[in-house]
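A quick write-up on the structure given underneath.
The values are calculated or read from the model by the stated rules, or taken from the named source; none is laboratory data. Note that the structure is predicted; figures quoted are calculated from it, not measured. All Cβ positions, glycine included, derive from the backbone under ideal geometry; neighbour counts span all protein chains shown. Accessible surface areas use protein heavy atoms only, side chains included; no ligands, DNA or RNA. Shrake-Rupley method; radii C 1.70, N 1.55, O 1.52, S 1.80 Å.
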Amino acid sequence: MPELPEVETTRRGIEPHLLDQQVERVVVRNGRLRWPVPEDLDVRLSGQHIRKVERRAKYLLIQADAGTLICHLGMSGSLRLVPQGEPPGKHDHVDIELASGQSLRYTDPRRFGLMLWSHDPLSHKLLARMGPEPLGDAFTVDDLFAKSRGRKTAIKPFIMDNAVVVGVGNIYASEALFAAGIDPRREAGSVSKQRYARLVGEIRAVLARAIEQGGTTLKDFVGGDGKPGYFQQQLFVYGRGGLPCLKCGRELREAKLGQRSSVFCGHCQS
DNA sequence: AAATATACCTGACTGC
DNA sequence: TGCAGTCAGGTATATT
């Protein structure tokens, strides 16, 4: 499931193949994603050159001359380059055919992703009210701490709230809280500034490390199977409920927080 | 305003 | 082997 590091890995992987490329046509085989793919996407994009590939939160912004394709990979989506003529599989829903002879292929078994067209993506309803990028300068201890005051929700769903900070999904929220030694069930409003300082550092570190590791598979990713590599990352708690804590050896516990499964160590996290 | 629930979708897995 | 049931998860949106 693409989290921010995978989206960034995807961005880095596809960007060099897209920059200044002309779009020849867009083939939509199944436009029934989270919202319908615009009917006129082919008309909008064909003939245009791609000028930039940016990321905001987990959204990819593929900027062409006259507008921007906003793309989200949802839970199971991927974008990769394939030679034109490569037969599409069951879940290959969209091909953006380029003058280079390659196609940017969107695959998404669960169809939780989206593709929309916008003339001003950062003002788009979906992006306008988002919190700071976790790896950017606007993500500060002061800001996070201030937002937490008065919040009764547990700290894990709090840091997964896109209005607080973007791009921290279930995997990395779990890992960052473990690294910071904070119990994910703790009330956000009652966590000290000192502990938030630790958490900010760990969120940054875990995401940065994951992006680095995604980078190691970049080459394979573009040419190959489209699986960037967070699986290579050492995960301390995510998906390890009931198994021994890798720090203290005690059994990792599970809890449901904000409808999301959360694994933590009752000893290392308080 | 904030907290909570719901919906979307399908592959992987479990139990019979 | 097959079938029915359960779970996972990002996030917008509806409801309380």
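Quick look at the values:
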{"quantity": "By average C-beta atoms within 10 angstrom, highest first, the peptides A:124-131, A:11-18", "calculated": "A:11-18, A:124-131"}
{"quantity": "Dipole magnitude of chain A about its Cα centre (Cβ charges: Lys, Arg +1; Asp, Glu -1), debye to nearest 20", "calculated": "1260"}
{"quantity": "Accessible area (Å², per residue) of region A:108-179, counting only protein heavy atoms and a probe of 1.4 Å", "calculated": "44"}
{"quantity": "Net charge over other residues, Cβ less than 9 angstrom from the Cβ of A:Leu257 (K, R count +1; D, E count -1)", "calculated": "+4"}
{"quantity": "Overall form of region A:4-125 per C-alpha gyration tensor (a/c, 1.5; a/b vs b/c)", "calculated": "rounded"}
{"quantity": "Under the span-like rule (Cα at least 27 Å along the axis, Kyte-Doolittle mean at least -0.5), DSSP H helices of chain A", "calculated": "A:193-216"}
{"quantity": "Loop-resident sites, region A:1-82, for GluC sites (Glu not before Pro), counting at most 11 other Cβ within 10 Å (DSSP)", "calculated": "A:Glu39"}
{"quantity": "Sequence-separation-based contact order of region A:122-219, relative, with Cα cut under 8 Å and 6+ spacing, percent", "calculated": "31"}
{"quantity": "Karplus-derived 3J(HN,Hα), 6.51/-1.76/1.60, for each residue of region A:234-250, Hz, glycine and proline x", "calculated": "6, 9, 7, 10, 4, x, 10, x, x, 8, x, 4, 6, 9, 10, x, 6"}
{"quantity": "Cα centroid of region A:131-181 to Cα centroid of region A:79-110, whole Å", "calculated": "35"}
{"quantity": "Relative contact order %, chain A, counting alpha carbon pairs below 8 Å whose residues are six or more apart", "calculated": "18"}
{"quantity": "Region A:4-125, relative contact order [Cα under 8 Å, separation at least 6], %", "calculated": "30"}
{"quantity": "Selection from A:Val237, A:Phe145, A:Gly249, by position along the positive dipole direction of chain A (Cβ)", "calculated": "A:Gly249"}
{"quantity": "Region A:1-107 - percent of accessible surface contributed by carbon and sulfur, probe 1.4 Å", "calculated": "45"}
{"quantity": "Heavy-atom accessible surface of region A:113-156: percent carbon and sulfur, 1.4 Å", "calculated": "54"}
{"quantity": "Radius of gyration and Dmax over the Cα atoms of region A:80-126, both given in Å", "calculated": "13.1, 37"}
{"quantity": "Within chain A, helix-based [θ] at 222 nm, where runs of 4 or more DSSP H residues each add -39,500 (n - 2.57), nearest 500", "calculated": "-8500 deg cm²/dmol"}
{"quantity": "Net charge dipole size for region A:4-125 [Lys, Arg +1 and Asp, Glu -1 on Cβ; Debye, nearest 20]", "calculated": "520"}
